[in-house]
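**Student:** I am attaching a structure below and will ask some questions about it afterwards.
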Amino acid sequence: MIVIGNDSIGNEALQTYLSREFKMKDLEPLKYFLGIKVFRSRHGILLSQHKYIIDLLNEVGMLACKSSDTPDTENVKLSTLSNQILANKEQYQRLVG
């Protein structure tokens, strides 16, 4: 469980309560969680999956693959079938109402 907030007294009270109900320990400032790196600054918290993606690409043998900007090209059909929804926000909104 991750407890995050800008009220240190409230965070501590919550952790005290939870520790009475559940077996837990405080691991101090969070650095990694489920493959997500956590960066803190005075502006807030940034979450990055860079290491997870690098490890995943390495595992599947695609570490040397070329990157691509996202979103990719606009108005590209998702399917060769003519009755499929296009990757176009306006057309999608007209179809779904």
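**Student:** Name the single residue that is surrounded by the most Cβ atoms within 10 Å (Cβ to Cβ) among those in the range 26-48 being assigned to a loop (DSSP other than H, G, I, E, B), out of contact with any helix residue (DSSP H, G or I) (no Cβ under 8 Å at 6 or more places or on another chain) and not aliphatic (A, V, I, L, M).
**Tutor:** Out of the qualifying residues, it is Lys31.
**Student:** Let me ask you something else. I need the full set of residues from the range 49-68 which are part of a helix (DSSP H, G or I) and either among the hydrophobic types (A, V, I, L, M, F, W, C) or outside the structural domain of Val38 (by TED's automatic domain parsing) (or both), in order please.
**Tutor:** Scanning the range 49-68 gives Ile53, Ile54, Leu56, Leu57.
**Student:** Still on this model: Report every pair of residues separated by at least 6 positions or lying on different chains whose Cβ atoms are under 8 Å apart, first residue within the range 2-22 and farther than 19 Å from His43 by Cβ, second assigned to a helix (DSSP H, G or I).
**Tutor:** Listed pairs, sorted by first residue: Val3/Asn11; Val3/Leu14; Val3/Gln15; Val3/Leu18.
The values are calculated or read from the model by the stated rules, or taken from the named source; none is laboratory data. Note that the structure is a prediction, hence the values are computed from the model and not measured. So basically every Cβ, Gly included, is an ideal-geometry build from the backbone, and we count neighbours across all protein chains shown.
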